Structure formats: structure tokens, C-alpha cells
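Everything on this sheet refers to the single structure shown next.
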Amino acid sequence: MGRSSKDKRDIYYRLAKEEGWRARSAYKLLQLNDDFDLLSGVNRVVDLCAAPGSWSQVLSRKMIEERPHGKERVKIVAVDLQAMAPLPGVVQIQGDITKISTVHELVSHFEGQAADLVICDGAPDVTGLHDIDEYIQGQLLLAALNIVTHVLKQGGNFVAKIFRGKDVELLYCQLKVFFPTVTICKPRSSRNSSIESFVVCQCYSPPDGFLPTMLNPLLGEPSQFKSLEGVNRMIVPFMACGDLSAYDSDQTYQLDITEQNCQSLPPTQEPINPPYKTACLLKKTKCLATHKDADSSHILAS
């Protein structure tokens, strides 16, 4: 296997650079698709919180480049606050998924047709305070679920990132109202040290009489949530995607380029040049000068 690594540029990071993916998170969707066959027969997809575009890139390759016939029926709409580089067959919307205007623009792209799949790999800027991070992530998931109720067809699927914590059972209950099958997954490419998992919701079937509304996101009328009566708790199955033969993101491996017929490529996105780089160099130079002066003083004193 190899020794443990604290380097963020792990095996999936390096594989992503070699294979031309925008980010290592592409392997998370690939592994989820291997286990749940999410993209089979799917023509219309919404990718929420899409930047930098690795999941949209997977959709573009799987649904357009690998389908010689029928690709004209494919529609992929990516939504994010940040702009991202263009992708073949992907329509981009730059907006906030919690705003009504973004939802209306998203619905307009489908021309009365519903989406087959909605995915969301979004996460807040983590603070390190797990309770706060879990709460904000839960609110982001509910915002995505609210969009699902507007654009997803009956029987469609929904995949989203979730932070597992002590109060996550209520989210499971709310998801179970709309999806009879809900599974929590941990892809092999997701680091063990991360609290992230992915919720895979299958076969969208809202309660009878449910009308999606943006005025009261998600909750609708209290009568729609009869399944929450009694013990307000829902235990959903957990699944680890990928077996022991796959790469472990918390381990270090040698990337055998000759065996895989790979060629070293420059990074898809160049590293940033941080503003504190000059300050670090000045501090390092000052420290070296201080040590040199101290050594000289010690020699003169002796």
C-alpha cells in the first residue's frame, strides 16, 4: 500500500493531472457512478455548485464524448457563484442557488422538460468548527433539495455532499419524504480524515399534493411530513464505494507512468502565487542573516 501521507497532492490529485481532470473530486463522481449506475439512460442533468467543473467534466465526457449517437438530446446545466472555464455541451449559469432568480433561469433552460439527475458537490468555506460547518452544509443541501423539487422528474435521482454529524438524522428524514431510497456513501477517493460523505437519493416521488414553492423552501405544508411522526429519526444504509483493490486517498503511491501509458502533463490549472510569498522569502532571508551574524559573533568571542 505505502506509507501514510499528509501531502494533499495524493494519488488522486496526481492522477487527475495526468488524465486531464480539473480536480481530484472527479473520481468521487466516477466511483459513485460505478456503484449506482447514475448516468445510464440520463440525458438532462443539473450540476449545482459546479466550479471548478470536475463533475461537469465527467458528465461531458460520459454523456457527450462517449456517446456517438444521441448526444444532441443531452443537456447539462452547471450552476455556481464563480465562473469556470467552458466545457463541451455544458451550459453555465453564474448565480446563487438560494435565490429565486437562479431557480427560474435554471428551469427556463429545460423548456418544460424535467431533469433526469441533479448533483451537488458544493460545500461552505469550512471554519474548523464542526457544528457550524455541519449546519451550514445542511442548509446548502436543503437549498439544493428545494431546486430538486422544481426541476427533477418523477423517478429521477439526486446526489449531494453531506457532512455527517450528530444531528444529521433530521436531514435523512427530510430526504426520505421525497425519495424512497436514500443511501450514504463514502467514495474511496474521499479522504478518511474528511467528515464528508455523499447522499444518493433514488426514485424521486414527492408526497401526493406536494407543490414546490420558493416562499417556504423544502418544508411545504406540515401535513406533507406525516412520515416524521413518532420517533423523529431515520437510519439510512451506509456504503463505501470502491473495494480494497482501489487506491486509498490517505496513502502514498508511486505513479507508474510506463505501465499505464501515461505522459506527464503540466497542471490543468497553475498554482496560485500567494501575496505572502514575498514576505516568506524576506523572513527566510532575515533568519539566515541573523544566524550568520550569531555564528560570526560566537567565533569572535571564542
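The values are calculated or read from the model by the stated rules, or taken from the named source; none is laboratory data. Since we're looking at a predicted model, the values are computed, not measured. All Cβ positions, glycine included, derive from the backbone under ideal geometry; neighbour counts span all protein chains shown. In case anyone asks, the SASA skips ligands and DNA or RNA and just uses the protein heavy atoms, side chains included. Shrake-Rupley method; radii C 1.70, N 1.55, O 1.52, S 1.80 Å.
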- Enter the mean projected area of the convex hull around the alpha-carbon atoms of the stretch 74-165, in nm², rounded to one decimal. 6.6 nm²
- Query: How about the stretch 32-137: which GluC sites (Glu not before Pro) there are in a DSSP loop, with at most 12 other Cβ atoms within 10 Å of their Cβ?
  - Reply: 66, 111
- Query: So for the stretch 10-148, Kirkwood radius off the Cα pairs, Stokes-Einstein at 4 °C and 1.567 mPa s: how many µm² s⁻¹?
  - Reply: 82 µm²/s
- Task: Would you work out the charge dipole size for the stretch 106-179 about its Cα centre, treating the Cβ of every Lys and Arg as +1 and the Cβ of every Asp and Glu as -1, and quote it to the nearest 20 debye?
- Result: 240 debye
- Message: I'd like the accessible area for residue 243, computed on protein heavy atoms only with a 1.4 Å probe and all protein chains in place. Round to 10 Å², please.
- Response: 90 Å²
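With the convex hull built on the Cα atoms of the stretch 9-62, state its orientation-averaged projected area in nm².
Working: hull surface 15.7 nm².
If I average the Cα hull's projected area over directions, I get 3.9 nm².
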- Message: Using Stokes-Einstein with the Kirkwood hydrodynamic radius over Cα pairs, what translational diffusion coefficient do you get for the stretch 46-92 at 4 °C and a viscosity of 1.567 mPa s, in µm²/s rounded to a whole number?
- Response: 122 µm²/s
- Say the cut-off is 30 Å between C-alpha atoms; which of 28/75; 161/284; 17/166; 17/71; 71/153 go over it? 161/284; 17/166
- Message: If the only charges are +1 at each Lys and Arg Cβ and -1 at each Asp and Glu Cβ, what is the size of the charge dipole of the stretch 1-140 around the Cα centre, to the nearest 20 debye?
- Response: 500 debye
- Message: Can you pull out the trypsin sites (Lys or Arg not before Pro) in the stretch 7-83 whose DSSP state is coil and whose Cβ has at most 14 other Cβ atoms within 10 Å?
- Response: 8, 9
- Query: At a probe radius of 1.4 Å, what is the per-residue accessible area of residue 239, in Å² to the nearest 10?
  - Reply: 60 Å²
